[in-house]
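In what follows, a single structure is set out as structure tokens and then discussed.
All of the numbers you see were taken from the coordinates with simple rules; none came from a lab. Predicted model only: the values in this text are computed from it and were never measured. Glycine also receives a Cβ, built like all others from the backbone with ideal geometry; neighbour counts cover every protein chain displayed.
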Ligand code: HSE
């Protein structure tokens, strides 16, 4: 459970979010990006944002106090219009209560531009777009990081656990470390320029709630030592612009061996990506999406094409995306 009144510690070296504006009128359209959580070795503590895909929220002020959701597109009818049951509605409601503005009326249109249950932070992108829209419409000039506890409420509702490794990078942009959950301590990390991310979403069902239930709750000390060595190696590689160090540190002996069973031909795809020059390969969030870091856009495109072709050959539909790390976070459209 997150206590909204607790102080949030943030170490943000660069926040490119557009400044909030109080005078933008009575409606706004906001895009928030998809995210890759865990980044292989950093379960629940590391994540980064990408340029595409992402979700859009159109928010309008209304005369009647309270939140309504008038329209959701791109979800195949899977998401509830009831604001009390929808992650965007619930997190915006918590935010309005915290700033004492339940007198406000807000209508939300949610346009899903990314697959649900993909392991790409779909609910986080929607929630962050909604919260950023509300904050901007209301002219609230506090730091965007202050929205994090409300976004985490949305995660808690979506999958039973309020982890921040999707919502924090979606909200703040860039590469983010959740150093601590209690108190919430967020560190924005640097990353090498020109690092590309190739993402493939195999269209199979892996709900985060269930993917969290199958992982081990106890680990051995020797495994913990391996894992924290890799996390420290990855973070060092990000600071040192050392792509080889990043690559050899992105190994997960705790979660991947179990979750990979839910992803068709995970190890075949890893072998293919690595043999084509990927720096690293792993599960995005709780899956089923997988991602590879590459040193250039061409290799990233080649990897997505080959993996997609492979998935087609085993009769699995897929979506692919190629992106650099997105440092901007949510943007007003
Ligand atoms: N850290 C979370 C998990 C991310 O792996 O369950 C979910 O997208």
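Summary table below
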| item | result |
| --- | --- |
| Max mean-square fluctuation residue, GNM over the chain, Cα-Cα springs under 10 Å, options 169, 65, 202 | 65 |
| The chain: relative contact order in percent, alpha carbon pairs under 8 Å with at least 6 residues between | 26 |
| The stretch 34-63 and the stretch 213-266: distance between their alpha carbon centers, rounded to Å | 21 |
| Between 0 and 90°, nearest 10: helix 221-240 axis offset from the chain longest Cα axis | 70 |
| Percentage relative contact order, the stretch 196-324, counting C-alpha pairs under 8 Å, at least six apart | 41 |
| Order by protection proxy (mean Cβ within 10 Å, highest first), peptides 154-166, 226-238, 271-283 | 154-166, 271-283, 226-238 |
| The stretch 142-196-the stretch 296-333 distance, computed between alpha-carbon centres (Å) | 22 |
| Residue-averaged [θ]222 nm for the chain, counting only DSSP H segments that reach four residues, each worth -39500 (n - 2.57) | -10000 deg cm²/dmol |
| Between 0 and 90°, nearest 10: helix 87-98 axis offset from the chain longest Cα axis | 50 |
| Mean Cα-pair separation over length for the stretch 9-190, i.e. relative contact order, pairs under 8 Å, 6 or more apart, % | 33 |
| Mean Cβ count within 10 Å, highest first, over the residues of peptides 78-86, 252-260 | 252-260, 78-86 |
| Candidates 249, 118, 180, ranked by Gaussian network fluctuation over the chain, Cα under 10 Å, top entry | 180 |
| GNM top mover of 68, 142, 299 - the chain, alpha-carbon springs below 10 Å | 142 |
| Distance histogram for the chain (every C-alpha pair counted, 20 angstrom bins, percent rounded to whole numbers) | 34, 57, 9 |
| Projected-area average for the stretch 9-190 over all orientations - Cα convex hull basis, square nanometres | 9.5 |
